[in-house]
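Please read the structure below before turning to the comments.
The values are calculated or read from the model by the stated rules, or taken from the named source; none is laboratory data. Only a predicted model underlies this, so the values are computations on that prediction, with no experimental measurement involved. For neighbour counting, all protein chains shown are included, and Cβ atoms are generated from backbone atoms with ideal geometry for every residue, glycine included.
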Amino acid sequence: MLDRENYYPRLTVDMPKLRDNLHEVLRQCDDAGIEVAGVVKGCSGIPEVSLAFEEMGCRWIASSRIEQLKAAKDAGVKVPLMLIRVPMISEAEDVVSITDVSLNSDVDVLKALSEAALKKHVQHKVILMADIGDLREGFWGEDELCDAAELVAHELRGLELEGIGTNVGCYGAIMATREKLQELVDITAKVEKRIGRKLNYISGGATSSFMRVMDGTIPGRINQLRMGEGILLARDWQTLYGLDMDYMHMDVFTLEAEVIEVRTKPSYPVGEIGFAAFGEKGKYTDRGMRKRALLGIGKADYAYPDKIFPREEGIEVLGASSDHTILDIEDCERDIKVGDTVKFDVCYGSLVMASNSANVKVIVEDD
């Protein structure tokens, strides 16, 4: 990335607002007897974010990418590091060298981790994942899970069985209801009976499970949540589920891009319409001649034109190609000119992409 002060596009992190969100989430979880693993994959592991998560009281720093956890360690994070994507066998040595605990759902992977841990003379902690219906990772069926737990507890000497966990909402959109989470508690009790001891943690999911903390219905034995989006953005609770989240900041991150063209043009393309750059069939509404602005940012940077939200009234995102975003600015009060910038709120999907783009400069603002 070129090094200039006015580099655009940029993604700015408001650290005081992030700390406010952390304080509120950690307070509620602490009141419910729940420890939080702060998940930083949503912002691609920005080191300052990892340090803030640690500073405010997260007991682990977690990510699905081992490179982001290494960056956290290199930045000086001291709390344990958690890999929340099932490890690849090919990265087993890195997993036990860099991380302290990982989520697992495959026996062959567990065997590889144990072997790597023994070679490194370390003990690696694992949380075994139970699939309770979302159909992503996790052992399917109680017997399979209990067999794996017994293997870890009694045979794989490089591993320590730390707990049982689950994921809901990320693929199958299964709700983290009290009944669903109670299934996890019941499964854990069967595992504990099989191995003959109580486990340290029942890891009850991610941001979606925090709704059960807020309404006081989370089962009592669940004592760990892995939370990222709800801290970084706090947006889904309000926009998707209609919860009042006015006490949280939904503008911790600001995406800002520069205007590269302003013209009045037809709102409906002129000519025979085929397919756009990403193979999609265009959908357009004829609203006559409208003032439009092009930005020097596109799908290659944030992926989803419908998931960035202009901060100013009267600006509408019409669409995007790889490197351009098209805005309707006809009704905007500001007289936008080439060289000006436009700011956007982001959602989880656009934050993941923008923070991971080599073309978007990350700016950390702190008091």
Residues located in the range 115-137, provided they are within 23 Å of ILE98 (Cα to Cα) and not hydrophobic (A, V, I, L, M, F, W, C): GLU115, LYS119, LYS120, HIS121, GLN123, HIS124, LYS125, GLU137
Within the range 247-267, considering residues that are in contact with a Gly (Cβ under 9 Å, 6 or more places away or on another chain) and not in a strand (DSSP E or B), the one surrounded by the most Cβ atoms within 10 Å (Cβ to Cβ): MET248
Filtered residues of the range 82-116 (kept if over 20 Å from ARG59 (Cα atoms) and either of a type in the set (Asp, Glu) or outside the structural domain of GLY228 (by TED's automatic domain parsing) (or both)): GLU91, GLU93, ASP94, ASP106, ASP108, GLU115
LEU135 being closer than 28 Å to TYR348 by Cα, touching a residue at least 12 places away in the same chain (Cβ under 8 Å), surrounded by fewer than 19 Cβ atoms within 10 Å (Cβ to Cβ) and touching a Gly at 6+ places or on another chain (Cβ under 7 Å): yes
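Results for (1) farther than 21 Å from LYS281 by Cα; (2) part of a strand (DSSP E or B), shown as yes or no for each residue.
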site: LEU318; (1), (2): no, yes
site: CYS332; (1), (2): yes, no
site: ASP345; (1), (2): yes, yes
site: GLY349; (1), (2): yes, no
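Taking the range 67-79 as the region of interest, how many residues are within 16 Å of GLY42 (Cβ to Cβ), crowded, with 16+ Cβ neighbours inside 10 Å and either at pLDDT below 95 or out of contact with any Ser or Thr (no Cβ under 6 Å at 6 or more places or on another chain) (or both)?
Total meeting the criteria: 2.
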Out of ALA189, ALA277, ALA234, sole residue that is among the small types (Gly, Ala, Ser), assigned to a loop (DSSP other than H, G, I, E, B) and assigned by TED's automatic domain parsing to the domain that holds ALA173: ALA234
Of residues in the range 41-63 being within 18 Å of SER203 (Cα to Cα) and in a loop (DSSP other than H, G, I, E, B), the one nearest to the chain's Cα centre (by Cα): CYS58
Unmet requirement for ILE174, which otherwise passes all of (1) part of a helix (DSSP H, G or I); (2) touching a residue at least 40 places away in the same chain (Cβ under 8 Å); (3) β-branched (Val, Ile, Thr): (1)
Odd one out for ASP147 among (1) in a helix (DSSP H, G or I); (2) buried (at least 21 other Cβ atoms within 10 Å of the Cβ): (2)
Conditions (1) under 21 Å from ILE61 (Cβ atoms); (2) modelled with pLDDT of 95 or more; (3) of a type in the set (Ser, Thr, Tyr): number failed by SER208: (2)
